[in-house]
Amino acid sequence: MSIISQVIFTVILGIFVFFIAKRVNFIRLNIALGRPKKVVGNKRQRWKNVLLIALGQKKMFKKPVPAVLHLLIYVGFVLINIEVLEIILDGVLGSHRIFTSLLSDFYAPLISFFEILAIGVIFSCVLFLLRRNVIQVARFQKPEMKGWASLDGNLILVIEIILMGAILSMNATDQLLQGMGNAAYPLTGSFLVSSWLMPIFDGYLPSTLVIIERMAWWFHIVGIFGFALYVTYSKHLHIFMAFPNTYFSKLTPEGAMEPMPEITSEVKMMLGIPVEGETTPPLEGFKFGARDVSDLSRKNLMDAYTCTECGRCTAECPANLTGKKLSPRKIMMDTRDRMEEIGKSRSDAKVHDEKFLLGGFISKEEINACTSCNACVEACPVLINPLDIILQLRRYEAMEASGSPASWNAMFQNVETNAAPWKFSPQDRFNWSEELKNDK
């Protein structure tokens, strides 16, 4: 590789690193809009979640077919990036297949293994495209998946197919050039998959093969850089976000709802129960529940950026299955969209004062349809908790905006006065048992 090529490569690498770092900082600032939340619990269990759920994709295997296909893409993409590391080093140092001398006899079997994975990635991506666009799996046809969400899912699959095709073409032409004795192409041995593609390029002049090989090389590495940048704008950000998200996920049972400390302390004082620690009045501007992303926790906002838009939560949601407007996936997508809107217009007062997550993105009808059953939480393959956001929005609507349905308000009043959802005296709660005695 010439000095000019090295300089061009280094400049391209620097440009992509700059824009990726800028985007990562943008996401970091958006997550920081939320309230800090202290991480408590067993660190050993947290790391176990990371290994089994984020890395091992344990929860994906409830549905074996898509799980295996997803695993092929995931493992293939991760391991093939070892070859990308070699390409980056070659680009910066001006070498060609720098690992050949380091790995010696192991180089060809390693690249052959990567090529088998590349075929697995292509196979899985083709089947996923068919599932989305031909078979039309129901969870990909929901209203929130129209437009960009659908295009994003298809686009990333097509990009992965093209990138895998480029690396196989590069390896095939590279082997032909090795056989011609080109000094710039060190002998590596035969590659298992790309050697079958060599007849496609056989008969071309050496100069033409060099052009094809270099074009495939440049296309693949620039494509990888572009893919890395694109991922930060895509739902596929979960490739990276799944790891911190599973680490910071709650360790308490899924059905345990997190109480509001301010309410808990007040109720305990009313009942004469000692309150542990010092009680401090709420800060100025304090809200019960959440109206906007700044009222949610940073973990909630991390959840939104981790969402894979796979729709398993919505597919399991009983409210959605009965035709209600609620879609847990849409809750996460709306939360992420609201963060993006604020991040792009931090100084725009209208964005902060005239539009909110609740009402502007998520309607009361959606949050009121939730049964709090935790089906969405249990279904998520990366431990996202849509219910936590729904509950906080609903708390705001009930306690700050007094916007709960009339039937709910009546129930709240009954619980407060009668210690039961029904309108009768607490002393009459066991009157029904008298009928059982009479029957005997």
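Only the coordinates and a few stated rules stand behind these numbers; no lab work does. Bear in mind that the values here come from a model prediction, so they are computed numbers and not experimental data. Every residue, glycine as well, gets a Cβ built from its backbone with ideal geometry; the counts of neighbours run over all protein chains shown.
In table form, for the structure just shown:
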{"item": "Kirkwood Rh in Å, taken over the chain so that all alpha-carbon pairs contribute", "result": "25.6"}
{"item": "Rounded to whole Hz, the Karplus (6.51, -1.76, 1.60) HN-Hα couplings of the range 362-373, x for glycine and proline", "result": "10, 8, 4, 4, 5, 5, 6, 7, 5, 8, 6, 7"}
{"item": "Within the chain, helix-based [θ] at 222 nm, where runs of 4 or more DSSP H residues each add -39,500 (n - 2.57), nearest 500", "result": "-19500 deg cm²/dmol"}
{"item": "Compactness of the range 287-405 - radius of gyration and Dmax, Cα, Å", "result": "13.7, 42"}
{"item": "Ratio of the Cα radius of gyration of the range 328-395 to 2.2 N^0.38 Å, where N counts its residues", "result": "1.20"}
{"item": "Cα-based radius of gyration of the range 364-440 once divided by 2.2 N^0.38 Å, which approximates compact folds", "result": "1.55"}
{"item": "Share of alpha-carbon pairs per 5 Å distance bin for the range 34-139, given as whole %", "result": "2, 10, 13, 14, 14, 12, 12, 11, 8, 3, 0"}
{"item": "Relative contact order for the chain, counting Cα pairs under 8 Å that sit 6 or more residues apart, in percent", "result": "19"}
{"item": "When the range 396-440 is reduced to its Cα atoms, the Kirkwood hydrodynamic radius in Å", "result": "12.3"}
{"item": "Where the Cα pairs of the range 78-192 fall when distances are cut into 5 Å bins, in %", "result": "2, 10, 17, 19, 14, 10, 8, 7, 6, 4, 1, 0"}
{"item": "Computed E for GLU365/SER345 - FRET, C-beta separation, R0 35 angstrom, nearest 0.05", "result": "0.80"}
{"item": "Amide H within-cut-off set for SER297, under 5 Å, with H built and near neighbours excluded", "result": "ARG35"}
{"item": "Mean-position separation - Cα centroids, the range 56-115 and the range 345-387, in angstrom", "result": "38"}
{"item": "Convex hull volume per residue for the range 168-298, taking Cα atoms only, in Å³", "result": "236"}
{"item": "Relative contact order %, the range 287-405, counting alpha carbon pairs below 8 Å whose residues are six or more apart", "result": "40"}
{"item": "Pairwise label distance in nanometres, LYS287 with LEU321, each label 7 Å out on the Cα-Cβ vector", "result": "3.3"}
{"item": "Extent along principal axes [Cα atoms of the range 149-237; Å; largest to smallest]", "result": "48, 22, 21"}
{"item": "The range 287-405, dipole about Cα centre (Lys/Arg Cβ +1, Asp/Glu Cβ -1), debye to the nearest 20", "result": "40"}
{"item": "Highest to lowest packing among 399-405, 308-314, scored as the average C-beta count within 10 Å", "result": "308-314, 399-405"}
{"item": "Most to least packed among 159-169, 194-204 [average Cβ atoms within 10 Å]", "result": "159-169, 194-204"}
